[in-house]
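Okay, so here's the structure we're looking at.
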Amino acid sequence: MALIISAILFGIFVIDVGFGSLGGRAFLSDVQAMILLLASSIAFVTAILRREAEAKAKTATKTK
């Protein structure tokens, strides 16, 4: 779930940057874009840490 949230937030960020670079007006301010990217990064790290914990739990149960 966190990985999906991260992908959606990052996708919004990429669309905003794309609009800004194509000469159009970006719909997010600099601060909003920074907060969006921060939220995307936090969601991504959360997803990775959860998957790592699941992998360690599976490895621990297999070695017993």
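Please indicate, with yes or no, whether at least one residue in the range 52-63 is of a type outside the set (Ser, Thr, Tyr) and touching an Asp or Glu at 6+ places or on another chain (Cβ under 8 Å).
In the first step, residues of the range 52-63 are kept if they are of a type outside the set (Ser, Thr, Tyr); the result is 52-58, 60, 62.
Now restrict to residues that are touching an Asp or Glu at 6+ places or on another chain (Cβ under 8 Å): none.
Within the range 52-63 (the criterion being of a type outside the set (Ser, Thr, Tyr) and touching an Asp or Glu at 6+ places or on another chain (Cβ under 8 Å)), the answer is no, since none of the residues qualifies.
One residue stands out among those in the range 19-64 that are polar (S, T, N, Q) and surrounded by 13 or more Cβ atoms within 10 Å (Cβ to Cβ): the one that is nearest to Ile4 (Cα to Cα), which is Ser40.
Every number in this text was worked out from the coordinates using simple rules, so none of it is lab data. Because the structure is a prediction, the values reported are computed rather than measured. Using ideal geometry, Cβ is built from the backbone for each residue, glycine included, and neighbour counts are taken over all protein chains shown.
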